[in-house]
Structures are given as C-alpha cells and as structure tokens.
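Down below is the structure, laid out as structure tokens.
The values are calculated or read from the model by the stated rules, or taken from the named source; none is laboratory data. The structure presented is a predicted model; accordingly, all values stated were derived computationally and were not measured. Ideal geometry is used to build each Cβ from the backbone, glycine not excepted, and the neighbour counts take in all protein chains shown.
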Amino acid sequence: MDVVLTHRGRAVTATDVAAIRALISAHPTASRRQLSARLCEAWDWRQPNGALRDMVCRSLMLALDRAGSIVLPAVRQRPPNNVIVRRPRAQVLLDTTPIRTPLAALGPLTIRPVRRTSAEALYDGLIAEHHYLGYVRPVGEHLKIVVWAGERPVACFGWSSAPRHLGPRDRFIGWSATTRRRNLRLLAYNTRFLILPWVEVPHLASHLLGRVARSIASDWQEAYGHPVHYLETFVDPTRFRGTCYRAANWLTLGWTTGRGKADQTHRANRPRKMVLGYPLGPRFRERLEAT
C-alpha cells in the first residue's frame with residue numbers, strides 16, 4: 001500500500017489522493033468547507049455520534065495541499081482567530097459571600113453538564129476569571145460541568161479528548177499504538193478543575209472528583225454516543241501537589257517529558273507535569289483494548 005500521508009491515525013494512499021483530485025475537479029466552484037464535507041461523506045468518515053469529521057478532514061486536505069499532492073481552491077474568507085482576537089467576556093456577577101462550612105453541612109450538590117445550555121456562558125466566564133490557566137475554547141469532544149450548592153455555583157470541571165501520545169498512561173494501559181489510535185476516544189482528559197475562590201469547604205474537591213467520575217461515562221455517552229473508560233490529568237508541581245486527586249484514588253503514573261504536543265526539537269521547553277490517571281472500573285483495560 002502506497003501511503004502518502006498519515007493524519008490523525010488515518011493512512012492516505014496514492015489512490016485516495018487521486019480520488020480527492022477527482023472530487024476537486026468534479027466540483028470546481030465548491031469551497032474548501034464544501035469539499036471536506038463531500039469527502040467525509042464519500043469516505044463515511046464520521047464521529048461516534050454520527051457527525052461528519054469535517055474539521056479533521058479539512059486539516060488533512062490542507063496538509064495534502066501544502067505537500068503539493070493536491071491543489072485546493074483559494075480561501076474565500078478568513079474568520080477571526082479566536083486565539084488571537086477574542087471578544088472580552090462579560091464579567092460574571094455572583095454572590096461572593098464566603099462559604100465556610102463542613103462538607104456535610106453544605107447541602108445537596110447539583111452536578112450538571114452545561115455545554116449548549118443557558119449556563120454555558122456562566123462556565124466560560126468563571127473559568128476565564130478565576131482559573132489560573134484562563135479559558136481556551138475546546139476543540140473536539142468535550143464537556144463543561146458546573147456544580148451548584150443550592151442556587152450558588154461552587155465548582156467547575158472541564159473535560160476534553162485525551163492527548164494522543166502520553167508515555168506513562170500508554171505504558172499503564174498496555175495497549176499497542178494501533179489500539180491507542182482506534183480507542184483514544186474512550187479516554188477523557190480533565191483540562192480544568194476550579195473550586196471558586198470564596199468556597200472553603202474541606203474535602204469538597206476530592207468529593208466532587210469522586211462524584212463526577214461516577215457520572216462522566218453516561219454524560220459522555222449522551223453527548224457523543226459512546227462512553228469513556230479512563231480519566232487523566234496533569235498537575236503542575238510548581239503550583240499544586242495533586243492532593244485532592246490522590247485523595248479521590250487517582251493514580252500517579254509518572255511525568256510528562258516537558259516537550260509539548262507540537263515538539264520539533266525533542267528537547268524540554270516547558271515545566272514537566274505529574275501524570276495522574278483514574279480507571280473507570282476493573283475491566284477498563286479490556287474495554288480499551290477491544291476492537
């Protein structure tokens with residue numbers, strides 16, 4: 001098989017390239033977006049929830065264009081880059097009266113995914129204003145979760161698709177590279193965890209980690225048509241010790257290389273972080289290695 005390019009786990013052959021060229025020739029007035037949608041349909045390239053893998057397909061076609069394998073039509077419009085040009089978020093106005101109470105006296109807690117709901121702006125604003133990493137627009141599968149005590153928000157969780165390569169995790173699971181590419185969607189990465197700064201409730205963080213771990217598989221199933229079987233996160237040791245994760249029975253698996261996902265030099269260029277994992281059930285390896 002003459003593989004021209006491998007992109008996000010998909011091998012593109014010379015035959016595929018010829019078919020893409022024919023698709024472009026057959027639709028001379030189509031935009032890049034329209035061409036990627038047509039290619040997804042031709043390949044039946046879909047997300048687990050049935051939606052077309054349009055963004056991944058567009059990046060694949062752009063990679064082929066840059067390599068000289070195909071010639072894409074000219075860009076018709078350039079939307080603002082949300083990383084560079086971002087509208088200021090409205091400040092979230094809340095009751096910031098300190099909550100100082102034992103966990104048992106806090107009352108019932110409501111944990112709810114808020115993506116595509118009226119409360120999504122609340123999550124975005126709280127993360128932007130109070131999390132040290134700020135708000136970054138997620139890409140791919142992700143969940144935004146807000147925790148309320150009565151009518152007052154007390155915490156937020158952000159979850160996204162897992163990093164493709166993570167040595168300590170991959171060794172712990174014991175899967176092959178082929179299996180990892182196929183089943184990486186069955187992992188969730190905890191990108192943000194915020195207890196609001198005026199909330200001082202002992203053991204709340206580890207309690208919420210346990211509660212969310214019990215519900216996230218079904219939440220992911222509802223949002224994307226498949227569950228997750230393993231959770232992971234990074235902890236920056238210059239800021240945190242990961243105490244609440246370990247108290248919630250997360251496992252310390254090792255350290256990142258400090259090179260980042262876009263590394264081209266094979267040298268550390270950022271602080272190394274602790275890698276923690278949490279299997280969702282005793283049969284997690286069996287489920288992650290399934291075909």
So, in the stretch 224-244, how many residues would count as being at pLDDT 95 or above and among the polar types (S, T, N, Q)?
2
Picking from A121, A155, A149, the residue that is in the same structural domain as L208 (by TED's automatic domain parsing), of a type in the set (A, V, I, L, M) and in contact with a helix residue (DSSP H, G or I) (Cβ under 6 Å, 6 or more places away or on another chain) would be A155
Determine which member of the set A213, A205, A177, A217 is closer than 26 Å to E289 by Cβ and without any contact (Cβ under 8 Å) to a residue 60 or more places away in the chain.
A177
Being among the charged types (D, E, K, R) and surrounded by 18 or more Cβ atoms within 10 Å (Cβ to Cβ) is the filter; apply it to the stretch 214-235 and report the residue that is farthest from G254 (Cα to Cα).
D219
If you take the residues in the stretch 245-271 that are part of a loop (DSSP other than H, G, I, E, B) and modelled with pLDDT of 90 or more, which one is surrounded by the most Cβ atoms within 10 Å (Cβ to Cβ)?
W250
